[in-house]
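Encoded as structure tokens, the structure appears first; notes follow it.
The values are calculated or read from the model by the stated rules, or taken from the named source; none is laboratory data. Being a predicted model, the structure only gives us computed values, none of them experimental. In this analysis, Cβ positions are derived from the backbone assuming ideal geometry, glycine residues included, and neighbour counts consider all displayed protein chains.
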């Protein structure tokens, strides 16, 4: 086994070392390869999993799969922070910052990019330092109140990249600084920097760089009223996006082109391009994009004289206005908070500088009292040190007390929940077990063999139920206090469901119930294997309990809207709306469902809910009396 692990580690290191070159291939074989190594890493103690997640994020970003890239950057960072590979960690910070910036979360993006800048300054990596400076410029450029501050970061980034001959970062910084010039309406400067950017991008065949340059150049021409030139730039952008396979980015091309045709008063063409933009934007919920589309359509129809469609477009535009305003307000609040923090730090630095100047003047004017002042200064320093130490001691004590109080509150909350669980779920099975034992003791002398066997069977079943409940209670308790290990990895849903079914074969066979596993072997999710088995074991066990002899239970999967749905369906008694409303709630008793003689899930469903939510999922149920029940586990799909 140890030899196999060393063999895997060697191959994994070799694959990771080849990734910079493999990344240039840009075909699905590389994605398949990285997925294979992620699975193998999960099997081999997660060896270099952080690095593999990082490269998966980079490949996703190359293909404009922003959600997937963000997921894998965030997954890579905590693993890389435990490693000593600072360059890869710094690059992961930059990637995560880029995705957050793309989602308009500028304060969070800056925190990641500042971490990256510190790493690359410390280790002397000038190339990556330039890239982190460029990202910091991006974070500032997109905040209206601080956009002008971005130029110094872009200029420093370009200067370093020229020395490092880092053409790709020079292009990106030129594209970025053009947005600042656009805000300042310095159009000749925009033409100058984008001319250089496009020339360099074509030289190194950077398609994404070209797309960005043409987009910003088209917008600049549009703002100057050069509509025909603007449309030509958008056509260049469209062609590059098509080569990239960046389908959603074509929305901006169609929308901007539609605006330009409105400017040329070619309204039919404007509507034609707006139709294409609308088809793309309907694949995502982006209120500001809807608002922009219907604003353009309103202008086009109005210019055309089609007032019926113009009014309809205006009504649609107003429908999305409130959503856009809400998003804008939230973004403005974030920007104001970030600006306030920055200004506060600058003010503190200014006050410190003034204080230093005052101290310098006082020292110069009191040179003749140098000895006396030195002694006083020493005494003041000693007193300050004593006071500072006492302050720090009190602060540490206060922090420790706060931590202890927080832990105590958590324990008290857990104690209250535990007592509630015991009162709801544990007391009745224990009472039932005690009643059976007492009855057996009282009738053992007079009972027939058949009656004794019936007593023993009842005792055994009660003991099994009590054991299952105690196991659930223990596992639920571990979840509540954060002691149940959580080790997410890439797992096969088919393997997990098959393993869960194996735990319950005896129970199902006793009731002559068949369990049919239709879960596809090709569906994988990132989740904790043990938690998934515990959750599935509870749901399948409940399905067996509430099914009649000779029925069957089906396990199926469905991929829908980026989610994987795992369904456990039985043909049992089902539940009415009153029973359904009680499920997954601590305050409700589910000891008995409908008219069934079987005992309900109790703590089991609470455990299922918390385990699935711990794995970024959700659990729900669909049921009708007499028609069985279907429990649905929904988990994020792995790209």
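Computed values, structure above
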item	result
Those residues of region 221-230 which are touching a residue at least 12 places away in the same chain (Cβ under 8 Å) and buried (at least 16 other Cβ atoms within 10 Å of the Cβ), in sequence order	221, 222, 227, 230
Selected residue [surrounded by 21 or more Cβ atoms within 10 Å (Cβ to Cβ) and either at pLDDT 85 or above or closer than 30 Å to residue 71 by Cβ (or both)] from 622, 603, 612	612
Residue check, residue 632 part of a strand (DSSP E or B) and either in contact with a strand residue (DSSP E or B) (Cβ under 6 Å, 6 or more places away or on another chain) or over 21 Å from residue 71 (Cα atoms) (or both)	yes
Candidate set: region 560-590, residues that are more than 20 Å from residue 533 (Cα to Cα) and under 27 Å from the mean Cα position of the chain (by Cα); chosen: the one modelled with the lowest pLDDT	585
Only listed residue being assigned to a strand (DSSP E or B), closer than 30 Å to residue 35 by Cβ, at pLDDT 90 or above and in contact with a helix residue (DSSP H, G or I) (Cβ under 9 Å, 6 or more places away or on another chain), chosen from 525, 519	525
Within region 285-308, tally of residues that are out of contact with any helix residue (DSSP H, G or I) (no Cβ under 7 Å at 6 or more places or on another chain) and farther than 21 Å from residue 215 by Cα	5
Residue within region 231-248 that is in contact with a helix residue (DSSP H, G or I) (Cβ under 7 Å, 6 or more places away or on another chain), free of Cβ contacts under 8 Å to residues at least 24 places away in the same chain and either surrounded by 21 or more Cβ atoms within 10 Å (Cβ to Cβ) or not in a helix (DSSP H, G or I) (or both) present	yes
Residue match in region 561-573 (condition: closer than 29 Å to residue 45 by Cα, part of a helix (DSSP H, G or I) and touching a residue at least 24 places away in the same chain (Cβ under 8 Å))	no
Residue in region 218-225 that is modelled with pLDDT of 90 or more and farther than 24 Å from residue 143 by Cα present	yes
Yes/no for residue 557 being modelled with pLDDT of 90 or more and assigned to a helix (DSSP H, G or I)	no
Boolean, residue 130 is part of a helix (DSSP H, G or I), under 18 Å from residue 102 (Cβ atoms) and under 29 Å from the mean Cα position of the chain (by Cα)	no
Leading residue by the ranking (modelled with the lowest pLDDT) among those in region 61-109 that are part of a loop (DSSP other than H, G, I, E, B), under 18 Å from the mean Cα position of the chain (by Cα) and within 22 Å of residue 637 (Cα to Cα)	64
